[in-house]
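Contents: one structure, followed by commentary.
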Amino acid sequence: MVETLNYALTALLLPPTLLLLIALAALLGLSHHPRTRTLLVAFALGGLVALSLPVVAFALMRAIEPGPLDETKLGTAQAIVILGGGRNRAAPEWGGITVNAITLQRLRYGAKLARATSLPVLVSGGAPDGIGATEADLMRAILQDEFGVRTRWIDTGSRTTRENAQFAAQQLPSDLKRIVLVTDGWHCARARAAFERNGFEVIQAPTGLIAARPFSLYQLVPNADSLRYAHIAIREWSSAIWYRLSS
């Protein structure tokens, strides 16, 4: 519930929803101030167009995404930690519930690393809304049944990135501190900071890297995916600031 509420609030308080609210408020509340209304609507629409450009969205991502995994560091790692990224509770073809595309992408990469290194695996993720199977239970089943990788530890209680780190510190042996952390590139900075605060040495293993795409002319054409990427980048910056202030 906590994570669900957090995402709902950020969806309202950050672009693109914030820009839409500004335009709507200007249209409804500034009928007697046409110049101000026009300026605010133009600002909001201009912001929406800008954030929907791939070249802008990728630039925002480039500021938060790390580079790909340095595989030379894997030799010193003690475990792999794969963070859940959400569930799909409307999947009748999978019995009604399964992991979402973000979590599946992380699982696929985590499984690849586990097979390459033979390191033990921890999967982390609860059920933020308290309904249905937890992310970690679903992740463990997929790793076992579809990727042939066994899970050593499972955290079914965490609802936030901060709790991912806290619960991992409670579950893993006290002498196990150097981990390979598998999550999306845009999530790496916040996740790494959370785990380092709990005493871990983190080897970042980002997946789904967005900013690494080379420039092409299509990046000057607005699209919905870029608007989503821009929102994610802005949300991660905001979350990182909040984590620092509340830690």
### Summary
Per principal axis, largest first, the Cα atoms of the stretch 118-183 extend in Å by 34, 28, 18
### Amide hydrogen neighbours beyond the local backbone of Val99, cut-off 5 Å, H modeled
Asn88
### Summary
Which residues qualify? For Glu201, with a placed amide H closer than 5 Å and at least 5 residues away or on another chain, they are Arg178, Ile179
### Task
Wrap a convex hull around the Cα atoms of the stretch 71-207, take a quarter of its surface area, and give that in square nanometres.
7.4 nm²
### Message
Can you give me the C-alpha center-to-center distance between the stretch 153-170 and the stretch 32-90, rounded to a whole angstrom?
### Response
24 Å
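When a footprinting reagent is the concern and you count Cβ atoms within 10 Å, what order do Arg162, Arg106, Arg228, Arg244 take, fewest first?
With the sparsest Cβ surroundings first, the list reads Arg244, Arg228, Arg162, Arg106.
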### Message
Can you give the Rg/Rh ratio of the chain, where Rg is from the C-alpha atoms and Rh is the Kirkwood radius?
### Response
1.03
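Any read-out appearing in this document is the output of simple, stated calculations on the displayed coordinates, not a laboratory observation. All figures in this text were calculated on a predicted structure; none of them were measured in a lab. A quick note on method: Cβ atoms are made from the backbone with ideal geometry, for glycine too, and the neighbour counts reach across all protein chains shown.
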